[in-house]
Each structure stands twice: as structure tokens, then as C-alpha cells.
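In what follows, a structure is listed as C-alpha cells, so that the remarks can point back to it.
The values are calculated or read from the model by the stated rules, or taken from the named source; none is laboratory data. Fair warning: this is a prediction, and the values are worked out from it, not measured in the lab. Because the Cβ atoms are built from the backbone with ideal geometry, glycine has one as well, and the counts that use them run over all protein chains shown.
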Amino acid sequence: MTPSELATGFDDADESPGFLLWQVTNRWQAAIRASLKPHGLTHVQFVLLAALTWLGSDGPVTQKALADHAATDPMMTSQVLRVLEERGLVERRPHPQDGRARALVVTPEGRQLANRAVVDVEACDADFFAALGSQTAAFAAALRQLKGAG
């Protein structure tokens with residue numbers, strides 16, 4: 001690669017872990033979007049619906065608990081939940097212990113959709129990360145380490 005006028009510490013863009021993560025994330029998100037298209041879900045809709053389905057077996061789930069689990073912005077979480085509620089996939093009910101909060105509940109239709117979509121998402125992940133071979137578990141461990149660093 002030719003020298004750059006950019007004041008960077010890297011001799012080559014492919015040495016930058018942040019830039020590589022950006023590129024790989026964009027490719028992965030495109031693959032996930034394609035796998036979710038037949039289900040009529042955006043990526044964030046799927047993540048919140050699947051996370052709520054996952055968490056819901058432990059009792060009432062608040063919007064804050066869902067946003068924390070999914071690491072999503074609370075305001076955006078609220079907007080996406082409104083769309084899922086309008087589609088009949090999620091309900092907001094009075095929280096049994098906290099009169100100020102609402103308990104989020106996945107409807108039977110939402111649970112069925114989440115379970116159909118997760119099969120395609122996990123197959124997409126398996127295809128996408130197959131190039132890592134035996135390094136997949138170590139890669140996931142490295143991602144968990146970065147997740148905790150934030």
C-alpha cells in the first residue's frame with residue numbers, strides 16, 4: 001500500500017483492529033439482515049424479540065432489563081418495542097411488583113417468530129464464522145473480554 005497523508009500509526013489499514021472490526025461487522029450485519037428478511041424483522045427487532053423470549057422464562061421483564069441485556073439504547077429500545085407491540089409480537093402489562101413499571105411479555109406469535117428466526121440467524125452465524133474453524137471459541141472469548149472492557 002502507498003504511504004498515506006493520514007496521521008496514523010499503522011503502515012496498512014489491515015493492521016488496525018478497529019477498522020477490521022468495522023469491515024467485518026458490516027459484512028456480518030448484511031448477512032444477518034438477509035437471513036431475517038423472510039421473517040419481516042430488522043436486526044434490532046430480532047435481537048429484542050429473541051432477548052425478551054430468552055429472559056421471559058425468568059418472570060417479568062422490564063424495558064430497562066431488556067435494554068441492559070441487549071446492550072441497546074433505552075430510547076431506541078422503547079421505539080422498537082412499540083413496533084413489535086403494534087405487530088402483536090409483544091405486550092406491555094402492569095408489572096406485578098412495581099406499579100411504576102410495565103412488564104414486557106412475548107405473545108405466542110412473537111415466540112413462534114423468534115424461534116423460527118433464531119434458527120436462520122444461528123445458521124447464518126455458523127456460515128459466517130466457519131472461516132475461524134477451531135478458533136471460533138477463542139474468538140467468542142475475545143469478544144466477551146472486549147464486551148466486559150466497555
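Filtering region 113-134 to residues that are exposed (fewer than 12 other Cβ atoms within 10 Å of the Cβ) and more than 18 Å from Leu49 (Cβ to Cβ) leaves Ala126, Asp127, Ala130, Ala131, Gly133, Ser134.
For first residues located in region 39-59 and assigned to a helix (DSSP H, G or I), partners that are among the polar types (S, T, N, Q) and lie 6+ apart or on another chain with Cβ distances below 8 Å form the pairs His43/Gln29; Val44/Thr72; Val47/Thr72; Leu48/Thr72; Leu48/Thr77; Thr53/Asn115.
Counting only residues that are touching a helix residue (DSSP H, G or I) at 6+ places or on another chain (Cβ under 6 Å), of a type in the set (D, E, K, R) and touching a residue at least 60 places away in the same chain (Cβ under 8 Å), region 92-128 holds 1 of them.
Please find, among Asp73, Asp98, Asp11, Asp58, the residue that is within 16 Å of the chain's Cα centre (by Cα) and of a type outside the set (A, V, I, L, M).
Details: Asp98 fails: within 16 Å of the chain's Cα centre (by Cα); Asp11 fails: within 16 Å of the chain's Cα centre (by Cα); Asp58 fails: within 16 Å of the chain's Cα centre (by Cα).
Unique residue meeting the criteria: Asp73.
Scan region 1-42 for residues that are β-branched (Val, Ile, Thr) and at pLDDT below 95 and the total you get is 2. If I go through region 17-41 residue by residue, how many of them are of a type in the set (D, E, K, R) and either surrounded by fewer than 11 Cβ atoms within 10 Å (Cβ to Cβ) or more than 15 Å from Asp120 (Cβ to Cβ) (or both)? Residues meeting the conditions: 1. Only residues that are assigned to a helix (DSSP H, G or I) and either touching a helix residue (DSSP H, G or I) at 6+ places or on another chain (Cβ under 8 Å) or over 30 Å from Gln79 (Cβ atoms) (or both) were counted in region 1-26, giving 6. Can Leu48 be described as among the aliphatic types (A, V, I, L, M) and surrounded by 11 or more Cβ atoms within 10 Å (Cβ to Cβ)? Here the answer is yes, as Leu48 does meet what is asked.
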